[in-house]
Each structure stands twice: as C-alpha cells, then as structure tokens.
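Quick notes on the structure that follows.
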Amino acid sequence: MHNIELNNKQVLNVDNDSYVLRGDCDVVINVNDNINAKILLINSASNVTVNLGNYANVQFDTLVFESKKNKLVFNLSENAYLLLNYLSNLSSENDLEINLNGYKANALVKYLIVNKNNNSNFNAHINHNAKETTSDITNYGVSLGESRINFDTVGKINKGMAKSVCHQLTRGVINGDHASVLSRPILLIDEYDVKANHGTAIGRLSDRELYYLMSRGLTKEESYKLLLSGIANPIIESLWNDDVKEETHTNIYKEI
C-alpha cells in the first residue's frame, strides 16, 4: 500500500496496488489498461481527475470530515469499471463528472451525506459517450437539526449510444423542523434503445419503529442510530481500507 501526501500539483500512475492520498492540491491519476487498483482520498479539497484505461477496475473511496469543496472527474475507457464511495459529515461542496467514453464502461456510485446544522451541495453529471455503458448512482442524505442537503444529478445518454443504462436514486431521512433533503434528478436522453430511470424517497423515520425499539429498552438516540445503520453501515463496510472504517463510523454517527 502506498501512502502519498499531496502537497503540489501531481500526476500519479498507479499499478495493481492500493493507495491512500491526503492533502489539498490538484492531482491527475492514470490507471493503465487491465490494472486493478484501490484508492482512498481523505479530506482533500483537490481537483482530482482519474483516467481509467481499457478493462481497468478501480474502487475509489472519498472521505470528507472537514469542510471542503472539491471536484472529481472520472474518464472511463472500454470495459472499465469504477466503484465510487463518497462519505461526508460536514458542510461540503462536491462536483462529480463521470465520462463513460468506452464501450461497456460501467460506473457504480454511492454517496452518503450525514449533516447536523450544516449544508451540503452535491452536483453530479454522468455522460454516456459510448454504446452499452452503464451508470448507477445512489444518494443517501441524513439531514438533522437545521441542515440542508441538495442532490443535483444529471444523466445524459447521447444519440447513438444504444443499449446504455442510467439509474438514479435518492433516499433522504430528515429529523428537525428545518431539516431538508432536496433531490433534483434530470435525465437527458437522445437515444431510443436505452434504459433510464430515477426515483426519490424522502421522509422521517417511522415513529412506530422508534417506539417499538424504545419499548425493548433502547433509548431514543440508540433507536434512531439503529434504524439509520441500515443506510450507513453497508457503505461504511464497503470501504476497502479497514484502518479507516472505525474512524468513519465514529465521524458519521457522532452527528446522529
């Protein structure tokens, strides 16, 4: 495993290994053909560009536990696969751009934002620029107190990109008279032979479920955390670096 401190504009060429990146600077990451890599970006305000070669397979985890503004750009070549996990518990501004440039490129994206009296904005653009490409993005927002979480997600399938698939889903949980989760999904489809859909479910946790758990001896806080664990834990457990899982769990749940 490589531990790299980012302190100036850098270009990284990665191989079949894992990388932990920290620091605030612009960085370009090149993943060559047929490379399997795992990358962890921690508390970075960088502009990050990741280029995936043909048949490259990358898990890219981003943790933001400081107030940050960053931009992530991913360019995928033929049969490249990206798994992106993004977790944050503070005010943040994040722009995501995914360009599926190669035949059968595939991107799976999961965002988890847990905010208490903070505001976060997430803007995603997924561009299907080749045939039989697939994107699947799921946004999870937990808004507490007076937080506002905004998800703007745009999926675009260009003309001629037949057999492509674009899925968008947002799930939001609010707890507070002034808390909100706002989802604005957009599908721009210029081809007939595709599959594209979006869905949104936002609301409060069930009072009946909370009452049931409290009747079994749990406090209201413990009950609330247990119910929300169904959203947060699967994403936390999917992080590839075991050393940060406990830290991530602590940072996420201290806001609940």
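Give the stretch 226-242 a look and list any residue that's in a helix (DSSP H, G or I), at pLDDT 85 or above and farther than 14 Å from Tyr111 by Cα, or say none.
Of the stretch 226-242, the ones in a helix (DSSP H, G or I) are 226-237, 242.
Going one step further and asking which of them are at pLDDT 85 or above, we end up with 233-237, 242.
Asp242, the sole residue that qualifies.
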For residues that are aliphatic (A, V, I, L, M), modelled with pLDDT of 90 or more and touching a Gly at 6+ places or on another chain (Cβ under 7 Å), scanning just the stretch 139-172, find the one that is surrounded by the fewest Cβ atoms within 10 Å (Cβ to Cβ). Leu169
Scan the stretch 189-214 for residues that are of a type in the set (Ser, Thr, Tyr) and farther than 15 Å from Ile231 by Cβ and jot them down. Tyr192, Tyr211, Tyr212
What number of residues in the stretch 180-214 are modelled with pLDDT under 90 and over 21 Å from the mean Cα position of the chain (by Cα)? 11
Members of the stretch 85-95 that are surrounded by 22 or more Cβ atoms within 10 Å (Cβ to Cβ) and either part of a strand (DSSP E or B) or of a type in the set (Gly, Ala, Ser) (or both): Tyr86, Leu87, Ser88, Ser92
Would you say Leu40 is assigned to a strand (DSSP E or B) and farther than 27 Å from His128 by Cβ? yes
Just one listed residue, out of Val73, Val58, is surrounded by fewer than 18 Cβ atoms within 10 Å (Cβ to Cβ), within 15 Å of the chain's Cα centre (by Cα) and at pLDDT 95 or above, and it is Val73
Name the single residue, out of those in the stretch 215-228 being over 17 Å from Ser143 (Cβ atoms) and surrounded by 11 or more Cβ atoms within 10 Å (Cβ to Cβ), that is nearest to the chain's Cα centre (by Cα). Leu226
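The values are calculated or read from the model by the stated rules, or taken from the named source; none is laboratory data. In this text the structure is predicted, and so the values were computed from the model without any measurement. Here the Cβ is made from the backbone with ideal geometry for all residues, glycine too, and neighbour counts use every protein chain on show.
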